[in-house]
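The structure appears below as structure tokens.
Every number here is computed from the coordinates shown, using simple stated rules; none is lab data. Every value quoted in this text rests on a predicted model; they were computed, and no experiment measured them. All Cβ positions, even for glycine, are placed from backbone atoms using ideal geometry, and neighbour counts span all protein chains on display.
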Amino acid sequence: MPWQFTAYSYLLLVVAGVAAFLALYAWRRRGAPGAVALSALMTGVVVWSAAYALELGVIGLSAKVFWSKVEYLGVTSVPLSWLALALGYTGREGWAKGRSLALLAVVPLVTLLLVWTNEAHGLVWSSTKVREDGGFPGLLVEYGAWFWVYWVYAYLLIVVATVLMVPQLARSLRLYRAQGIALLVSTLAPWVGNAVYVLGASPIPNLDPTPFAFLVAGLGVSVALFRYRFLDLVPVARASVVEGMGDGVIVADPGGRIVDLNPAAERMISRRSDEAVGEQAEGLVPGWKELFGGGAKGEARGEVSTGEGEARRFYDVRISPVRDGGGLRRGHLALLSDVTGRRRAEEALKESELRLRTIVANVPVILFALDRAGTFTLSEGKGLEALGLEPDEIVGLSVFEVYLDEPKILDDIRRALSGEEFSAVREVRERIFETWYSPLPGENGGLAGAIGVAVDITDRRRAEEEREQRASELARSNAELEQFAYSVSHDLRAPLRAIAGFSQILLDDHAPNLDEEGKDYLHRVRDGAKRMGRLIDDLLELSHLTRREMHPTTVDLGVLAQQVAEDLRRAEPSRVIEVRIEDVPPAQGDPHLLKAVLEHLLGNAFKFTSKKPAATIEFGFDEDGGAYYVRDSGAGFEMEYADKLFGAFQRLHGTDEFEGTGIGLATVQRIVHRHGGRVWAEGRVGHGASFFFTL
């Protein structure tokens, strides 16, 4: 490929070299805000400048078109990089990430695709040719429709970035303002040159001045880097450090006039920045006049307060001179720390200490502290009275002397002084104390001694012993009662069996000698004996179930209800009964006792629906009330008698209507109460009943 380098080509290569240096420098500082964007911007400049230098140097239309296409790798990246730089410079780098960045990159990527396929459609360049005038052959193009779309897009990004930069520069201090202006000028210069070329106003025919303007851009960036320390000090850094500080920062000039302050300071002096700037610091800054004496050159520090009552605020104020590089004083900086919370915490701590001392002095505890040698350094608490001691009476004495005759206590002290944390119960002078020992931390993580809290538990221990004795007596009484119940039941069953047996013999062997009235009397005797037998069985079950030891576990009441219902169905296979068992949440309880609850409740439901030709029985869970329920369509009851249902031997129906002893629901209630729940019923005569229980 023939080459014809011109002076412009060499100059463009110099521009590319400067841009490459700046790109590398920024990349090495990529942790700073805007550094990555600056590196990308300068990399685009490298590609644009170098490719344009080669475009000017090659001979032939196809070669020039090729290098012009290569230029677009830089052309399409520069506007987006400039916008990213502006966002980073102004603290908005989060706007150019993820989906937003992908959307912004669509137009550049489409442009690159169209550039490299231009021969097929002519959307970027409608025609290309080599122009010989102007002292060197240059590429002359007529732009297609997409070129103008991209041109508008690129300049739109530049305008947006500029709009973001200008307000930031207006708000910045002098150092940041000069830095920002250097960046702004350096970035806008190439695009001004590009506009001149695209609009046909270039002073040199065949030459695009845009890359040469990058020489100006490189110089501007160099100034921002090395003169104004860009990447070391940017406005967003001030925003994140000074503007975001919880402490107030106020800068005053040598005459004591405020020239800058952060938002925290605005809140502290109750003035906006535009109101405070230019005012005398001693009239607005708390403590300026009192601490600083109206303008001394040294430093000052102290605590001042403003306001009264609940509105009173406390500030730690530090005032120091601001000096330039030559050591000359250029003003003062005041740092205001709101220490109201700390002061109030200190006051609250003092009040808390006073309350603690008052409490300790009036409750039966003993607080004590020992140094490494076992010498008392603290002895407080009303519990000292039980030992015949006054507060601080033994401070300064050795614990090994005070408790010389208490070897167990001395063993505890040795454990505590070794750094162990534990508790122990000891009897001292006929009083029982439970004592908690903890190590007392010292300097550098060492051990300074031990602290302890002793609580007089004499009365509690005696109450526990008395309660244990009563529990033992109760257990013994229950055992005796159970034995008595079984003995009584055995003694009652023998005569009942005799009554039932002899009555049956009379009916079987002597029926011809008895009239109908006699036979009726014998039947009544037998039925009474049977009812007495069932009553004895129910009483024994009530006694056993309500006193047996519980073994709680997770119980599926739905499965238990299904088992009970199937047993009841088998006992009455001819009945037409619809039983619905719903899904219910698992319960925590004793499986045996809970099965007894369901046997009684579902058994009653079967019993009291026996006079219905078709009955419905349902077991489920009420989400609103949080209760399990058994519902039937049976005889029902009057609600005014609902409280009597769960009493022993209480019946709302006669034995001629429905058999029973009146013990079943009493058993249900006692089991439910043992599980910490409650049971209740709702009903209506002729419309059935619902029994609810919680666990």
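For 67, 148, 116, what ranking results if the residue with the fewest other Cβ atoms within 10 Å of its Cβ goes first? Fewest-to-most Cβ neighbours within 10 Å comes out as 148, 116, 67. Sorting 338, 411, 405 by the number of Cβ atoms found within 10 Å of their own Cβ, with the fewest placed first, yields 405, 411, 338.
Ordering 302-314, 665-677, 553-565 by mean Cβ neighbour count within 10 Å, with the highest value first, yields 665-677, 553-565, 302-314. For residue 350, give me every one of the lysines with a C-alpha distance below 24 angstrom, ignoring sequence neighbours fewer than eight places off in its own chain. Reachable lysines: 382.
Counted residue by residue at 0.36 nm each, then reduced by the alpha carbon distance between them, the extension gain from residue 510 to residue 448 reaches 12.1 nm.
A Förster radius of 45 Å, combined with the Cβ-Cβ distance separating residue 644 from residue 460, puts the computed FRET efficiency at roughly 0.60. Packing, as the average of other Cβ atoms within 10 Å across residues, places the peptides 247-254, 353-360, 616-623, 270-277 in the order 247-254, 616-623, 270-277, 353-360, highest first.
For residue 569 and residue 308, compute 0.36 nm times the residue count separating them, minus their Cα-Cα distance, and round to one decimal in nm.
Working: separation 261, 0.36 × 261 = 93.96 nm, distance 8.33 nm.
Between residue 569 and residue 308, full extension yields 85.6 nm more.
Highest-first packing order for the peptide set 460-466, 430-436 is 430-436, 460-466, based on the mean count of other beta carbon atoms within 10 Å. The residues 455, 45, 58, when put in order of fewest to most other Cβ atoms within 10 Å, stand as 455, 58, 45. Rounded to the nearest 20, the Cβ-based charge dipole of region 246-344 about its Cα centre (Lys and Arg +1, Asp and Glu -1) stands at 260 debye.
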